[in-house]
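Student: Here it is: the structure, laid out below.
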Amino acid sequence: MITKLCTALYPIAYVEVQRTNSWGYSHNGSFDGLIGALQRREAEFGCSPVLFKINRAEVVDYVVPTWQTKHTFLFRQPKYQASYYSVYTRPLDGVVWRCMLGVLLVAGLTLNLILKVKKTNFFIDGRDSSLSLIWLLICSAVCQQGMPVNKNAVSARIIIFVTFMFSMMVYQFYNANVLSSLLNEQYSYIRNLNDLLHSDLKAGVEDMPFNKDYFKRTTDPVSLDLYKAKIATDKHYNFFDAEYGMGLVKRGGFAFHVDTSAAYAVMRKTFSEREICEVGEVQLFPPQYVGAVAVRGSQYREYIAVGVSKLLETGLMNRIKSIWESRKPPCAKQRYSTIMAVNIREFSMALLFLLWGCMLSLFILILEIFVHKIKRRNMGRTHLKKLKPWGETYSS
C-alpha cells in the first residue's frame, strides 16, 4: 500500500520490494528481518508497519503511526472457578454445612439415647437397633428415603419426624440451587491475568514472533509465571496458528492469546450463538500502535509521512481497516435460543462417588468373608479340643 502510494503521489519510477521473514528483533546487538534490512541500509523504508519499541527507535526512524492492533486472551468462561467437585458443595456455605451436620449428629445421638432408655423395638425385625442402623436412618432422611418404625415408640417417631422435615427443606433448597447453578448463565470468574493463571484453563499463544519476543523480554511476574506454568512447560509448547488455537477455545477449557482480527473472523464462522456469548477476554498487554519506518535520516521520510497523512484524511485508512479487521460477533442473548446441557465434567463427581462406594463395599465383603472363615476355623479347632479321644470314651 505504501509503495503504491509513493509511486502515485511522487515521481518515483520503480520501487524494488524485498521480503523478510520477520518484522525485526534484536540478536546480539543486531536486528534481523525488516529492521535489520533498514539498519544495514539494504532498503530505504518498510512497506509493513511495525510495533513501537525503544531499541528499534535507536536504529531506524518511525515516520508516522498507522493504526492500533489488539491482542488478547480469548476463552470460554468456566461455569465455576474451583474444582469439578465444587458443583455439589457450592450451594451451601461452609458454616451451613457444619451446622447441618451438627443438627443431624444431635438427631442421631438423641434417637440412640431414646432407644437405650425406652428399650423399644425400633426397626421392622424388632431386634436390630444398633448405632450403625440409626446413622443409616439419618442418611435415608437426608436422601429422602424412609424406614418403618414401631408405632408404640412415640418419642422416637417425634425425632424422626423432625429429622425428615429438616431434611426435606434442605433437600429442596439444595436441589434447586445445584440445578440453577448448572443451567444459568456463567459468572465471569476470570477477569484479569492473575485469575487466568490460577484457573484450571490451559493456555496457548498465537505463533507470531512478537509474542515470543514479549515473553523473552517482559519483566511482569504474572506473565512470566503464566508462560512457565501453562504455555512453555516441560511437556507442552503451546504456540499455534490462529485457526487451530480458536478451535481449542471452542471446545472449552482453553485460553488462546491471539490477534483479535483473526480470532473474531474464526468466531463468526465456527462458533455458535451460545459459544460467542460465553467468550471472555483478558489482555496480556494493552493495544499497541504500529507505524511506518524508514532508514535513519532517510530523505523519503517526509514523503511517506505526507502520503500516510493523506490516507488518514481521506478515509482510505479507515476503509482498509474495516476490510482487514473483523469486529467481535455480537452476543444475541435470547432465552431458550439454544439447548442447555450439563456435560460429563460436572456430572463426574456423582459417578466417582458411586464407584468409590462400590469398591468400598466389595472390599468390606472380601474382608467379612475372610474374617468369617477365620472364625469358623477357630470354632472347629475349639470343638475338636473339647471332644474326648475314642479310647477314653470306650473304657469309661
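Student: From the cross-link list K235/K321; K70/K250; K216/K269; K235/K269; K53/K235, which pairs have alpha carbons spaced over 30 Å apart? Display every interim value, and only then the final one.
Tutor: Details: K235/K321 39 Å; K70/K250 20 Å; K216/K269 33 Å; K235/K269 32 Å; K53/K235 32 Å.
Exceeds cut-off: K235/K321; K216/K269; K235/K269; K53/K235.
Student: At a 10 Å Cβ-Cβ cut-off, how would you order S22, S132, fewest neighbours first? Mind showing how you got there, number by number?
Tutor: Numbers: S22 16, S132 7.
Going from least to most buried by this count: S132, S22.
Student: In what sequence, highest mean first, do 32-40, 351-359, 217-225 appear when ranked by Cβ atoms within 10 angstrom? Kindly include the intermediate steps, with their values, before the conclusion.
Tutor: Values: 32-40: 20.1, 351-359: 10.4, 217-225: 12.4.
Final packing ranking: 32-40, 217-225, 351-359.
Student: Need the full-extension length gain, D93 to F239, defined as separation in residues times 0.36 nm minus the C-alpha distance. One decimal, nm. Intermediate results must be reported in sequence, preceding the final value.
Tutor: On the way: separation 146, 0.36 × 146 = 52.56 nm, distance 4.04 nm.
Length gained between D93 and F239: 48.5 nm.
Student: Arrange R251, R268 by Cβ neighbour counts within 10 Å, fewest through most, would you? Show your work: numbers first, answer last.
Tutor: Values: R251 9, R268 14.
So the ranking, lowest neighbour count to highest, is R251, R268.
Student: Can you give me the distance in nm between label points at R251 and Q172, each placed 7 Å from the Cα along the Cα-to-Cβ direction?
Tutor: 4.4
Student: Same structure again: Extending each Cα 7 Å along its Cβ direction at K116 and A57, get the distance between those two points in nm, one decimal.
Tutor: Distance between label points: 8.2 nm.
Student: So how much slack lies between R319 and E42, counting 0.36 nm per residue of separation and subtracting their Cα-Cα distance, in nm?
Tutor: Working: separation 277, 0.36 × 277 = 99.72 nm, distance 3.17 nm.
Extra length available between R319 and E42 comes to 96.5 nm.
Student: Further, regarding this structure: Assuming R0 = 30 Å, can you tell me the calculated FRET efficiency for the pair R274 and S22, based on Cβ-Cβ distance, to the nearest 0.05? List each step's numbers first, then the result.
Tutor: Numbers: r = 39 Å, r/R0 = 1.29.
In this case the efficiency is close to 0.20.
All of the numbers you see were taken from the coordinates with simple rules; none came from a lab. Values in this document were obtained by computation on a predicted structure and should not be read as measured data. A quick note on method: Cβ atoms are made from the backbone with ideal geometry, for glycine too, and the neighbour counts reach across all protein chains shown.
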